[in-house]
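Take a look at the structure set out below.
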Amino acid sequence: MGLILRLKRRFGFIFKWFFKKDKMRIGIYGPPNAGKTTLANRILRDWTGDIMGSASEVPHETRRSRLREGVRIEVDGKSLDLDIIDTPGLATKIDFHEFLKYGLDETEAKRRAKEATEGVIEAIKWLDDLDGILLVMDSADDPFTQVNVTVVGNIEARNLPLLIVANKIDLPAASPARIKSAFPQHPVVPISALKGLNIDSLYKSLADRFG
Amino acid sequence: MEGVQLNMVSRERLDRMASMEKLRMIIDEVKSGRIIVLESGLSPEEEAKLIEMTMVEIDHEKFVGIEVETYRQKTGSFLGRLFGKPKGRLTVIGPANRLETLHRQSDFITAMVKFED
């Protein structure tokens, strides 16, 4: 990797301290079906009245990154201006056969798989243009996935602020404590983006972390 | 004889290789059905680049991606993080249709190597 690029990644955060932006560009990352778009929709609905896009139980529903600029969040008298990027689910493998289980025909499944691979590439490229990350994990799933490890490692290498969102706490198998113990050096907020559980705590954490 | 070839790459060899050289080697080996063990693993940036390259190589027929088994990077001191080159940890990478993660903890990973159907 080029020395200049490496220095930019290592020391970029120092410049950010001194030249703090009016607006933070926050990426919503995570594996497929963690609830990234549901969370983006929840935030937008609460603060702007509209939504980011459609969510689905079929993995890789979001296959293009979506940017929503100028989202103002106000918590305890503090306001925070965000540009929010909802990214496609990150994965190390995409097999079109998985989509057949959800009733898609082979042509449609292959098209979805191809678009999903492009979406993953796009999501990774966005990492270089962000000021902070919301990493969304399904509280009922194993947090030690390669995707989570790679995202956390890249955020740490770039010294970007990270907030881990332990989503889907409404599920019986949910265990936000497992996520906390997996990534003890980062703040974890347990929520249900779908049901709106503990969302005020998320907004407070957003203001603390990115404000 | 049926089996899966396992290639183990030493830390010294990895240190001599440029990032792209390492990633190209991994992709080529894994696409050929082999499993590769890296003594010192990859940096986080290399891991992200490997995912990117994997996505480009997926052909939806023979190659559907990779499975990666590794531990989280150790967090070094503040100065170490600023000036040191991030070092990866022992890493096993294989084709997604051959290598399957069964269970993963912070300090223990169980995976299964499958033979071809």
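The values are calculated or read from the model by the stated rules, or taken from the named source; none is laboratory data. This one's a predicted model, so the numbers in the text were calculated from it and none came from an experiment. Here the Cβ positions follow ideal geometry from the backbone for every residue, glycine too, while neighbour counts run over all protein chains shown.
Points worth noting:
- Evaluating A:P161 against the criteria (1) at the interface with chain B (Cβ under 8 Å from one of its Cβ atoms); (2) touching a Gly at 6+ places or on another chain (Cβ under 9 Å) leaves one unmet condition, (1).
- Condition check for B:M8: closer than 18 Å to B:V113 by Cβ and at pLDDT below 95: no
- With respect to being over 14 Å from the mean Cα position of the chain (by Cα) and either part of a strand (DSSP E or B) or hydrophobic (A, V, I, L, M, F, W, C) (or both), A:A166 falls outside the description.
- Members of segment A:32-45 that are in a helix (DSSP H, G or I) and surrounded by 15 or more Cβ atoms within 10 Å (Cβ to Cβ): A:K36, A:T37, A:T38, A:L39, A:A40, A:N41, A:R42, A:I43, A:L44
- Note on segment A:94-115: among residues that are of a type in the set (F, W, Y) and crowded, with 21+ Cβ neighbours inside 10 Å, the one that is nearest to the other protein chains (Cβ to nearest Cβ) is A:F96.
- Within segment A:126-146, the residues that satisfy the criterion of being part of a helix (DSSP H, G or I) and within 8 Å of chain B (Cβ to nearest Cβ) are A:L127, A:Q146.
- Within segment B:24-45, considering residues that are surrounded by fewer than 20 Cβ atoms within 10 Å (Cβ to Cβ) and in contact with a helix residue (DSSP H, G or I) (Cβ under 6 Å, 6 or more places away or on another chain), the one farthest from the other protein chains (Cβ to nearest Cβ): B:E39
- Here A:E115, A:E69 are screened, and the one residue that is within 27 Å of A:L206 (Cα to Cα) and modelled with pLDDT of 95 or more is A:E69.
- Options A:E118, A:E156: the member that is under 16 Å from A:T87 (Cβ atoms), within 13 Å of another protein chain (Cβ to nearest Cβ) and charged (D, E, K, R): A:E118
- Residue within segment A:130-139 that is polar (S, T, N, Q), over 26 Å from B:E57 (Cβ atoms) and in contact with a helix residue (DSSP H, G or I) (Cβ under 8 Å, 6 or more places away or on another chain) present: yes
- Taking residues in segment A:179-191 that are over 22 Å from A:A40 (Cα atoms), and partners anywhere that are among the aromatic types (F, W, Y) and assigned to a loop (DSSP other than H, G, I, E, B), the pairs with Cβ atoms closer than 8 Å and at least 6 places apart or on different chains are A:A182/A:F144.
Quick grid of which residues meet (1) more than 16 Å from B:Q105 (Cα to Cα); (2) surrounded by 23 or more Cβ atoms within 10 Å (Cβ to Cβ); (3) of a type in the set (S, T, N, Q); (4) at pLDDT 95 or above:
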| site | (1), (2), (3), (4) |
| --- | --- |
| A:D128 | yes, no, no, no |
| A:I133 | yes, yes, no, yes |
| A:V136 | yes, yes, no, yes |
| A:A140 | no, no, no, yes |
| A:E156 | yes, no, no, no |
| A:L160 | yes, no, no, no |
| A:A166 | yes, yes, no, yes |
| A:D170 | yes, no, no, yes |
| A:A177 | no, no, no, yes |
